[in-house]
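For reference, the structure discussed in these notes is given below.
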Amino acid sequence: MAELVIFIVMGSVVLAGALGVVRARNPVYAAMGLMATLFALAVFYVIHLAHFVAVVQVIVYAGAVMTLFLFVIMFIGVDRTESLDERLPFQRPIALIVVIGVVVLAGILVVGGEFTWIIGSDGQTAVNGTVEEIGRNLISVDNPESLNVVDGRIVSRWLLPFEATSALLIVASVGAVSLAFYRPRRRKDAEVAE
Amino acid sequence: MTVTPGWYMTLAAVLFLIGTVGLLLRNNALIMFMSVELMLNAVNLTFIAAGRAHGDINGQMAVFFVLVVAAAEVAVGLAIIVSIYRSRQTASVDDLAEMSG
C-alpha cells in the first residue's frame, strides 16, 4: 500500500517533470523539470533496493550534469526565445506517426501478455517485501542487496568495464577541454593564402 | 494492490515516449540533449525494475555504467554546443543545415 502511494506520487512527479522539459519555452524551466524527474527516479531506485545507484543518480545526474546544463544555458543566454515553427515540412506528421506506433506497440505488448517475462512466469517478484521491510533491510549489515554487493561486483566481475570507464572519462574530459580551447584561425589562413 | 514491475515498465515506456517527442519536436539543441537524458533515464528505470524482479544485481551494474557514459556524453556534447554557439551565435539545429542535400 505504501509502495502504491509512493508510485503514484513520484510517478506523477516524473511525468510532470518530463512534460516540463518538452513543453517549457525557457531552457531554465526545462532544466528544472529534468531535475525533478531525476530526483523522483532516485526515489524509485531506493524502493527498488538500489541505494548505491540512487546516491550516484542524485550526486552525478542531479548535481554535476544539471550544473553543467545550467552553466551552458547561462552561457548561451536564458532570454533567447526559441521559435517553435518547423522548417522540415514532414517532421510533425512523422513524429505523430512514430508516437502512435510506439503507443500501439506498447499496448500490444501489455495486452498480449508478452509482459510475463518481466515479472516471472508465476507473476511473483523475486524480491518481495513492503517498503517497511525494505527499510529494515537497509539497517541490517548483512543485507545481500546493500552497497557492499555493488562495490564487490565493480572490482571483481565488472573490473575491465570499470577500468575502461575511467579511460572514457579521461578522454571525454580532455576532449571537452580541447573543444573549449579550440579557435578557428580563418584570418591567419587567409593571410597565408594571400 | 501491489505494484508489480510491469507498472514501472509502463511508466518507463511513457517517459521514453515523452523524451522521443521532445527530441523530435524541439529545435534547441540543449532541449534535445535533455530529451535524450530523459530517454536514458527511462531505460535505467527498466533495468532497475527488471533487476529487482529477477533478484539480480547486474541490472544495477548496467545502470551504473549507463550513468557514467551519459556523464561523459554530456560533457562532450555540451562542449560541442558551446563551440558551435561561439562561431554561429545560435543553438538551433535548423540553422545548422549547410550539409543538407
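The values are calculated or read from the model by the stated rules, or taken from the named source; none is laboratory data. None of these values were measured; they are calculated from a predicted model. So basically every Cβ, Gly included, is an ideal-geometry build from the backbone, and we count neighbours across all protein chains shown. Please note that ligands, DNA and RNA were not included when accessible areas were found on the heavy atoms of the full protein model with its side chains. Shrake-Rupley method; radii C 1.70, N 1.55, O 1.52, S 1.80 Å.
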Being in contact (Cβ under 8 Å) with a residue 12 or more places away in the chain, of a type in the set (A, V, I, L, M), more than 8 Å from chain B (Cβ to nearest Cβ) and farther than 30 Å from B:TYR85 by Cα narrows A:ILE47, A:ILE8 down to just A:ILE47
(1) closer than 21 Å to A:VAL28 by Cβ; (2) among the β-branched types (Val, Ile, Thr); (3) open to solvent by 30 Å² or more (accessible area, probe 1.4 Å): which one isn't true of B:ILE81, the others all being true?
(3)
Please go through the range A:157-172 and pick out each residue that is closer than 16 Å to B:LEU67 by Cβ, assigned to a helix (DSSP H, G or I) and not aliphatic (A, V, I, L, M).
A:PRO161, A:PHE162, A:THR165, A:SER166
Need a quick list: helices (runs of 4 or more DSSP H) entirely within the range A:1-56 having at least 3 residues that are open to solvent by less than 20 Å² (accessible area, probe 1.4 Å).
A:2-23, A:27-47
Out of B:ALA97, B:ALA13, which single residue is closer than 21 Å to A:LEU19 by Cα and at pLDDT below 90?
B:ALA13
Per the filter on the range B:84-101, residues over 10 Å from A:ILE76 (Cα atoms) and open to solvent by less than 70 Å² (accessible area, probe 1.4 Å) are B:ILE84, B:SER87, B:SER92, B:VAL93, B:ASP94, B:ASP95, B:LEU96, B:ALA97
Can you find a residue that is open to solvent by 50 Å² or more (accessible area, probe 1.4 Å) and over 17 Å from the mean Cα position of the chain (by Cα) anywhere in the range B:43-56?
yes
Condition test on B:LEU15, is it surrounded by fewer than 23 Cβ atoms within 10 Å (Cβ to Cβ), within 21 Å of B:ALA71 (Cβ to Cβ) and at the interface with chain A (Cβ under 7 Å from one of its Cβ atoms)?
no
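Table: residues versus (1) in contact (Cβ under 8 Å) with a residue 12 or more places away in the chain; (2) hydroxyl-bearing (Ser, Thr, Tyr); (3) within 18 Å of A:THR67 (Cα to Cα).
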{"site": "B:ILE18", "(1), (2), (3)": "yes, no, no"}
{"site": "B:LEU23", "(1), (2), (3)": "yes, no, no"}
{"site": "B:ILE31", "(1), (2), (3)": "no, no, yes"}
{"site": "B:VAL36", "(1), (2), (3)": "yes, no, yes"}
{"site": "B:MET39", "(1), (2), (3)": "yes, no, no"}
{"site": "B:ASN44", "(1), (2), (3)": "yes, no, no"}
{"site": "B:ARG52", "(1), (2), (3)": "yes, no, no"}
{"site": "B:VAL82", "(1), (2), (3)": "no, no, yes"}
{"site": "B:SER92", "(1), (2), (3)": "yes, yes, no"}
Quick one: B:MET32 ticks every box in (1) within 26 Å of A:PRO89 (Cβ to Cβ); (2) surrounded by 23 or more Cβ atoms within 10 Å (Cβ to Cβ) except a single one, so which number is it?
(2)
Being more than 7 Å from chain A (Cβ to nearest Cβ), touching a Phe, Trp or Tyr at 6+ places or on another chain (Cβ under 9 Å) and under 16 Å from A:ALA62 (Cα atoms) narrows it down to one residue among B:VAL43, B:VAL74, B:VAL36, B:VAL66; which is it?
B:VAL66
B:LEU23 fails exactly one of the following numbered conditions: (1) closer than 17 Å to A:VAL60 by Cα; (2) more than 8 Å from chain A (Cβ to nearest Cβ); (3) not polar (S, T, N, Q). What is the number of that condition?
(1)
